[in-house]
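Engineer: Encoded as structure tokens, here's the structure I'll be asking about.
The values are calculated or read from the model by the stated rules, or taken from the named source; none is laboratory data. Remember, it's a predicted structure, so these values are computed and weren't measured experimentally. Here the Cβ is made from the backbone with ideal geometry for all residues, glycine too, and neighbour counts use every protein chain on show. Please note that ligands, DNA and RNA were not included when accessible areas were found on the heavy atoms of the full protein model with its side chains. Shrake-Rupley method; radii C 1.70, N 1.55, O 1.52, S 1.80 Å.
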Amino acid sequence: MTHLLRNVAALIAAITILQLAGGLLGVRIPLAFADQSRTALGLVAACYSAGFMMGAMIATQMLARVGHIRVYAGSAAVFAVSTLALHFSTDIWVWGVTRMAAGVSVALMFAVIESWLSHSIDTRVRGEVMSVYMVLTKGALAVGPFLAFDYAADAPEPWMIAASLAALSMLPICFTVA
């Protein structure tokens, strides 16, 4: 297996692991708002989206300044910590800021993977590689909610599982051959 193929596989593995966490949080966060208003849930969701937009806006500068691996590792760490922080607070404003930080981090991680893939893949096989990328990541996003089964709505384990997955998504990236 060539270095290029291993790197591409590592990139796809990393983002697939991250999407497992995203799928889990997609179910877990609304469950945490069962006794809150829909407005509160909407505020937190909007904060995540605003953060994602901010992350997309700064991605190019961050990648140019510190490089792909460092941006991904730092963003995965922030995402893991922000996910764990959700368990320790019930304040809507804390959740909003925390989810905004998560949105920035996730946008940066996607920017890393997609720009690295785009740079690494020859145009003749780009379609095939991107189709594998999309199938695996969307599959992981669909499987992620199943990791929340058998836990009470206020259980800490789903937060821990999602944060662990975010941290584990760094491993394939850190072992690439640049």
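Engineer: Tell me the residue from ARG70, ARG6, ARG38 that is open to solvent by 30 Å² or more (accessible area, probe 1.4 Å), of a type in the set (Lys, Arg) and within 16 Å of MET109 (Cα to Cα), please.
Structural biologist: Just one listed residue meets the conditions, ARG70.
Engineer: Every residue in the stretch 41-62 that is open to solvent by less than 50 Å² (accessible area, probe 1.4 Å) and either at pLDDT 95 or above or not in a helix (DSSP H, G or I) (or both), please.
Structural biologist: CYS47, ALA50, GLY51, GLY55, ALA59
Engineer: Kindly evaluate SER105 against the criterion of being open to solvent by less than 10 Å² (accessible area, probe 1.4 Å), within 23 Å of VAL27 (Cα to Cα), modelled with pLDDT of 95 or more and in a helix (DSSP H, G or I).
Structural biologist: yes
Engineer: Continuing with the same structure: Being at pLDDT 95 or above, touching a helix residue (DSSP H, G or I) at 6+ places or on another chain (Cβ under 6 Å), open to solvent by 10 Å² or more (accessible area, probe 1.4 Å) and under 17 Å from GLY22 (Cα atoms), is that true of even one residue in the stretch 121-135?
Structural biologist: No - not one qualifying residue is present in the stretch 121-135.
Engineer: Check ALA13 against each of (1) open to solvent by 20 Å² or more (accessible area, probe 1.4 Å); (2) touching a helix residue (DSSP H, G or I) at 6+ places or on another chain (Cβ under 8 Å); (3) farther than 23 Å from MET160 by Cα; (4) among the small types (Gly, Ala, Ser) and name the one condition it does not meet.
Structural biologist: Checking ALA13 against (1) open to solvent by 20 Å² or more (accessible area, probe 1.4 Å); (2) touching a helix residue (DSSP H, G or I) at 6+ places or on another chain (Cβ under 8 Å); (3) farther than 23 Å from MET160 by Cα; (4) among the small types (Gly, Ala, Ser), the one that fails is (3).
Engineer: In the stretch 14-33, which residues are of a type in the set (S, T, N, Q) and closer than 17 Å to TYR48 by Cα?
Structural biologist: Of everything in the stretch 14-33, just one residue is of a type in the set (S, T, N, Q) and closer than 17 Å to TYR48 by Cα, namely GLN19.
So that you can scan it fast, the table gives a plain yes or no per residue for (1) over 15 Å from the mean Cα position of the chain (by Cα); (2) among the polar types (S, T, N, Q); (3) closer than 23 Å to ILE113 by Cβ:
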site	(1), (2), (3)
TYR48	no, no, yes
PHE52	no, no, yes
MET62	yes, no, yes
TYR72	no, no, yes
HIS87	yes, no, no
VAL94	yes, no, no
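Engineer: Of everything in the stretch 112-129, what is over 20 Å from ALA163 (Cα atoms) and within 18 Å of the chain's Cα centre (by Cα)? Give them in sequence order.
Structural biologist: Within the stretch 112-129, GLU114, SER115, TRP116, LEU117 meet the criteria.
Engineer: Within the stretch 73-86, track down each residue that is of a type outside the set (Ser, Thr, Tyr) and open to solvent by less than 60 Å² (accessible area, probe 1.4 Å).
Structural biologist: Within the stretch 73-86, ALA73, GLY74, ALA76, ALA77, PHE79, ALA80, ALA85, LEU86 meet the criteria.
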